[in-house]
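The values are calculated or read from the model by the stated rules, or taken from the named source; none is laboratory data. Just so it is clear, the model here is predicted, and its values are computed rather than measured. We place every Cβ from the backbone using ideal geometry, glycine too, and count neighbours over all the protein chains shown.
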Amino acid sequence: MIRKTRLFTPGPTPLLPAAQFAMAAADIHHRTPEFRALFLKVLGQLKVFIGTQNDVLLLSCSGTGAMEASVSNITSPGDRVLVLTAGKFGERWVDLAKAFGCVVDVIQKPYGETFDLAEIKAALKPEHKAVYMQASETSTGASHNVEAVAALVKGTDTLLIVDGITGLGTQTFDVDGWGVDILIGGSQKAVMIPPGLAYLSVSEKAWKAMDAAKSPRYYFDLRKERKNQVKGETAYTPAVALVAGLGAALDYIAGQAGGDLEKGRIALIDNAQVNAAATRAGLVALGFTLFAPASSSAAATAVAVPEGMDSGVVVKALKAKFSLVTANGQGTMQGKIFRVAHLGFFDFLDTVAFMGAMEHIAKETLGLPVVFGQGVAAAQEVFAKTASSH
């Protein structure tokens, strides 16, 4: 039988065909009027996609590069910061802050859980230079309440830095209204192009903090990038083809709402949330247990396997039987959960395809008492209710 490879990983995600064509045709030198026009257009689109009036910068790196820049540009060795961590990517903030000599206070929750706001309020001190957190922790399938944390930080001298790499395009942010000082995104997530670009919005409060920061920086000097990018240039050689692909992807998102990118962003978020809800309903109907049911992310769903079983069995079986690629757990969750993504270039029929495949794996590989169609039916019910409400 023919097997079509389907990516259901939370990054890289499936590529948008229009973006692939744009990348293939991107034979442009980066110090030309043609590239400057493209770059300025994309930066303007990113401001709408993020939903901010703050400066937005585009960096040729993975999202982790933008995370590093969000530490090195605003802190000095010895500065005290507060990190909220409940997964693999929260732990990355801890490691980055320590690498630049910060004194790191940590509020840590078990994988799959989220944070107690009273505990954050009690821990937050005037001497904290910044609070670092995730919007969506895709290592666990959990989302965190950025708005509530922002309310605790707003009005203080402390900066709020949010890893929105899988949150952008799957959940709503009011960046300026909430007072998020830096919000980070990545190209291989909801914007449907390959890895290699990171983008971030930067508030005036964050720019002012950079003037006093003493941590070393060179390639990731955001002040240098700001000076160049306002003119449509980058401080160093950009990933030209990826910038072209990003422009095509943002055009596509706008096209889903008649050319209105803001409405297209909302439609993209709705799409992820409906597919996530349908997937969760279908998996529960098959007898699976959701790993983060109280604060589920629309970027990816994490699923616990039956006691005594390795989640890698599910991941391998899906790939072997259907060429359907999902993700195992990360860190301490490896072998305990598998993860299926919803962000970016997924539609409901992709969800139906995944659920049909999962029925076979649940029945034939795991031996669960599954009747073919029960997972698909549960997903269909969610979609039908959503469609009628719209």
Tell me which strands (runs of 3 or more DSSP E) are completely within region 147-258 and hold 1 or more residues being closer than 14 Å to ASP55 by Cα, or say none if there are none.
182-186, 198-202
Inside region 225-242, can you point out the residues that are hydrophobic (A, V, I, L, M, F, W, C) and surrounded by fewer than 17 Cβ atoms within 10 Å (Cβ to Cβ)?
VAL230
Restricting to region 315-332, count the residues that are in contact (Cβ under 8 Å) with a residue 12 or more places away in the chain and either of a type in the set (D, E, K, R) or not assigned by TED's automatic domain parsing to the domain that holds VAL274 (or both).
1
Single residue of GLY282, GLY335, GLY312 found to be at positive phi and either outside the structural domain of GLY185 (by TED's automatic domain parsing) or among the β-branched types (Val, Ile, Thr) (or both):
GLY335
Of (1) in contact (Cβ under 8 Å) with a residue 24 or more places away in the chain; (2) not assigned by TED's automatic domain parsing to the domain that holds LEU40, THR289 fails just (1)
What number goes with the only condition from (1) part of a helix (DSSP H, G or I); (2) in contact with a strand residue (DSSP E or B) (Cβ under 7 Å, 6 or more places away or on another chain); (3) assigned by TED's automatic domain parsing to the domain that holds MET133 that ALA276 does not pass?
(3)
Could you tell me whether ARG36 is under 21 Å from LYS231 (Cβ atoms), surrounded by fewer than 18 Cβ atoms within 10 Å (Cβ to Cβ) and not hydroxyl-bearing (Ser, Thr, Tyr)?
yes
Please verify whether THR237 is under 19 Å from HIS342 (Cα atoms), modelled with pLDDT of 95 or more and among the hydroxyl-bearing types (Ser, Thr, Tyr), treating the condition exactly as stated.
no
Contacts under 7 angstrom Cβ, first residue in region 365-380 being under 15 Å from THR289 (Cα atoms), partner modelled with pLDDT of 95 or more and surrounded by fewer than 18 Cβ atoms within 10 Å (Cβ to Cβ), 6 or more apart
VAL370/LYS363
Restrict the check to region 51-69 and report whether at least one residue is modelled with pLDDT of 95 or more, over 23 Å from LYS189 (Cα atoms) and in the same structural domain as THR140 (by TED's automatic domain parsing).
no
Kindly check whether there is at least one residue in region 48-57 that is surrounded by fewer than 16 Cβ atoms within 10 Å (Cβ to Cβ), touching a helix residue (DSSP H, G or I) at 6+ places or on another chain (Cβ under 9 Å) and farther than 24 Å from ALA341 by Cα.
yes
For the subset of region 74-83 comprising residues that are surrounded by fewer than 24 Cβ atoms within 10 Å (Cβ to Cβ) and out of contact with any Asp or Glu (no Cβ under 6 Å at 6 or more places or on another chain), which member is nearest to LYS121 (Cα to Cα)?
ASP79
Which listed residue, of ALA298, ALA278, is in contact (Cβ under 8 Å) with a residue 40 or more places away in the chain and touching a His at 6+ places or on another chain (Cβ under 8 Å)
ALA298
